[in-house]
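Laboratory data are not the source of any read-out in this text; all were calculated from the coordinates shown. Please read all numbers here as calculations on a predicted model, not as lab measurements. Counting neighbours? That spans all protein chains shown, and the Cβs are built from the backbone with ideal geometry, glycine included.
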Amino acid sequence: MKKRTLFKWVNRIVSTVLMVALIAVLVLVVINKASGGEPEVFGYQLKTVLSGSMEPDIQTGSIIAVKPIDGETKYNLKKDDVITFMESEDKLVTHRIIEVSGSGENITYTTKGDNNNAPDTSPVLAENVIAVYEGFTIPYIGYISSFAQSPKGAIAFLIIPGFLMLAYSIFTIWRAIRQLDDQKKISTDATNS
């Protein structure tokens, strides 16, 4: 009897873990797609760090939370602020401001990665700044995030948990049928005796 009770608890725990994992991954994928690939949590965008230019404070493979900024805020940044800006149409960079030049709407920022030997070659126009980094980072999770957004990652994080859940459901149904057959056999044996 204890074995059967233990199996029921293990069954419930495994089913719950698989279901929660599948739902969590599904929610993350939907949020990621709905936000145009830029997941947001409590008003912060999550970005994956792909280079070591800001080490040791921001490690390669980390996820950082940046606060999106707009309008006037873009023109009021100061030296030592860490900003995320559009370096090109498809490339975001997060570096520290080392110098502010110009005034009004003609402000540019000279930036540099903390781990780089020299400033960035091109100054950043204030209008190209999209967010400010405020110190929140989770090391190494970016590797998982980048992998999850790849085709292989989609298989690993969506299809495999779904398959495991299906396989576990089949196993549970098979076990229940086997237990019913065993009970029927015991009943039949008792009746024939």
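From least to most packed, judged by other beta carbons within 10 angstrom and beginning with the fewest, SER150, SER53 follow the order SER150, SER53. Please give me the summed charge of the neighbours of TYR168: other residues whose Cβ is under 15 Å from its Cβ, Lys and Arg +1, Asp and Glu -1. Net charge in that neighbourhood comes out at +3. Going by neighbour counts of Cβ atoms within 10 Å, the residues THR5, THR172 line up, fewest first, as THR5, THR172. Phi-derived couplings, Karplus 6.51 cos²θ - 1.76 cosθ + 1.60 at θ = phi - 60°, listed residue by residue for the range 110-123: 8, 10, 7, x, 4, 9, 8, 7, 9, x, 4, 5, 10, x Hz, with x used for Gly and Pro.
Are any of the pairs LYS8/LYS152; LYS91/LYS152; LYS47/LYS79 more than 27 Å apart by Cα-Cα distance, and if so, which? Too far apart for the 27 Å limit: LYS8/LYS152. Straight-distance candidates among the lysines for linking to LYS78, with alpha-carbon spacing under 19 Å and chain neighbours fewer than 8 residues away dropped: LYS67, LYS112.
Residues VAL20, VAL82, ranked from the fewest to the most other C-beta atoms within 10 Å, line up as VAL20, VAL82.
The value obtained for the range 38-148, namely the Cα convex hull volume divided by the number of residues, is 100 Å³ per residue.
How about LYS3: which lysines have a C-alpha closer than 22 Å to its C-alpha, ignoring those fewer than 8 places off in the same chain? Leaving aside lysines fewer than 8 places away in the same chain, those within reach of LYS3 are LYS184, LYS185.
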